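Student: First the structure, which I've put down as structure tokens, then a few questions once you've had a look.
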Amino acid sequence: MGTGTTATQTMSTGLSLDDVVLTFGDGDTTVDALDHVDLEVRRGELVAIVGPSGAGKSSLLAVAGGLTSPTSGTVRVGEEVLGGMSRRRLAALRRDRIGFVFQSGNLIPALTARDQLVLVTKITGRPGRDPDALLDAVGMSHRADKRPGRLSGGERQRVGIARALMGNPTLLLVDEPTAALDRTRSQEIVELLARETHEAGVATIMVTHDHDVLHHCDRVLEMVDGAVHPYRD
Ligand SMILES: Nc1ncnc2c1ncn2[C@@H]1O[C@H](COP(=O)(O)OP(=O)(O)OP(=O)(O)O)[C@@H](O)[C@H]1O
Ligand SMILES: [Mg+2]
């Protein structure tokens, strides 16, 4: 399972955002989805982000994962600065180091749950993790041969989480992993994310509305109007 965490890994920065702004729109109708965000997540740290709808949580994940370029500011994954990277280099960095779990699951319709995971090893050309063990870890072994069209929303997201872990990412970005899950399953999924984060030295950000899972996280932040603050109950 985990590769073991060295002291250096735990101390090292997995992700940093330095004065990041993301502005949508033009003229009078602009919105700052990210309003001067400074954020550092160390490897081996699970950070939760809470906050109202439209606060900028998914935007933060998109910018951190190199899917969206910020309007200004600097994003680093490990020591690598994303800005100014060629498309090819950015794609390779995403493939090799970043795991992304989207709000929607984002699975490939024609592939079974198991094949979604196997595809990762084909794309990266590295053996990666054992797909059956990961499907088991997210409670999806019994649905391994089903395509996404035959799965519930919560089941799709669990496959999405297993797929994101396949390539041993150093940065894991997870959007609302428990939104479609019952309480017991939510606890199991976030426990799994915490274990993976700590054992494999991953820097993980999890966006959630679910206050019952926050005790599994090392730090909780709140986003309001594009700004990030420490969260106070
Ligand atoms: N592609 C886009 N074009 C224009 N505005 C956008 C775009 N994507 C997001 N926004 C705006 O940016 C702000 C932040 O959106 P974002 O999706 O990051 O919020 P969120 O915190 O993830 O909300 P939710 O909890 O509903 O998922 C919102 O005001 C949204 O309307
Ligand atoms: Mg969102």
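Student: Which members of the range 126-168 meet the condition of being part of a loop (DSSP other than H, G, I, E, B) and within 18 Å of residue 186 (Cβ to Cβ)?
Tutor: Once the filter is applied, which keeps residues that are part of a loop (DSSP other than H, G, I, E, B) and within 18 Å of residue 186 (Cβ to Cβ), the range 126-168 yields 138, 139, 140, 151, 152.
Student: Find all pairs meeting these conditions: Cβ atoms under 8 angstrom apart; at least six residues apart or on different chains; first residue within the range 42-62 and farther than 19 Å from residue 215 by Cα; second residue of a type in the set (Ser, Thr, Tyr) and more than 8 Å from ligand 2 (Cβ to nearest atom).
Tutor: Filtered contacts from the range 42-62: 59/68; 62/68.
Student: A further question follows. Inside the range 80-113, can you point out the residues that are touching a residue at least 60 places away in the same chain (Cβ under 8 Å) and either in a strand (DSSP E or B) or more than 15 Å from the chain's Cα centre (by Cα) (or both)?
Tutor: Within the range 80-113, 98, 99, 100, 101 meet the criteria.
Student: Looking at the range 156-187, which of the residues that are farther than 28 Å from residue 56 by Cβ and either in contact (Cβ under 8 Å) with a residue 60 or more places away in the chain or surrounded by 16 or more Cβ atoms within 10 Å (Cβ to Cβ) (or both) is farthest from ligand 2 (Cβ to nearest atom)?
Tutor: 168
Student: Same structure, new question: Hey, among the residues in the range 47-86 that are under 16 Å from residue 229 (Cα atoms) and away from ligand 1 (no atom under 12 Å from the Cβ), which one's surrounded by the fewest Cβ atoms within 10 Å (Cβ to Cβ)?
Tutor: 47
Student: Name the single residue, out of those in the range 15-38 being more than 19 Å from residue 230 (Cα to Cα) and in contact with a Gly (Cβ under 8 Å, 6 or more places away or on another chain), that is farthest from ligand 2 (Cβ to nearest atom).
Tutor: In this case the residue turns out to be 32.
Student: Next question. Can you name the residue in the range 188-208 that is aliphatic (A, V, I, L, M) and away from ligand 2 (no atom under 16 Å from the Cβ) and, of all such residues, is farthest from residue 12 (Cα to Cα)?
Tutor: 189
Student: Can you work out which of the residues in the range 200-217 that are open to solvent by 30 Å² or more (accessible area, probe 1.4 Å) and in contact with a helix residue (DSSP H, G or I) (Cβ under 8 Å, 6 or more places away or on another chain) is nearest to residue 190 (Cα to Cα)?
Tutor: The qualifying residue nearest to residue 190 (Cα to Cα) is 216.
Student: Please work out if residue 99 is in contact with a strand residue (DSSP E or B) (Cβ under 6 Å, 6 or more places away or on another chain), among the small types (Gly, Ala, Ser) and away from ligand 1 (no atom under 16 Å from the Cβ).
Tutor: yes
Student: Are any residues in the range 88-143 open to solvent by 50 Å² or more (accessible area, probe 1.4 Å) and closer than 16 Å to residue 174 by Cβ, and if so, which ones?
Tutor: 94, 97, 102, 103, 104, 106
Student: Let me ask you something else. If you go through the range 115-141, how many residues are of a type in the set (Gly, Ala, Ser) and without any contact (Cβ under 8 Å) to a residue 24 or more places away in the chain?
Tutor: The total comes to 2.
The values are calculated or read from the model by the stated rules, or taken from the named source; none is laboratory data. Here the structure is a predicted model, which is why all the values come from computation and not from measurement. Please note: Cβ atoms are built from the backbone with ideal geometry, for glycine as well, and neighbour counts cover all protein chains shown. Note: areas computed on protein heavy atoms with side chains; ligands, DNA, RNA excluded. Shrake-Rupley method; radii C 1.70, N 1.55, O 1.52, S 1.80 Å.
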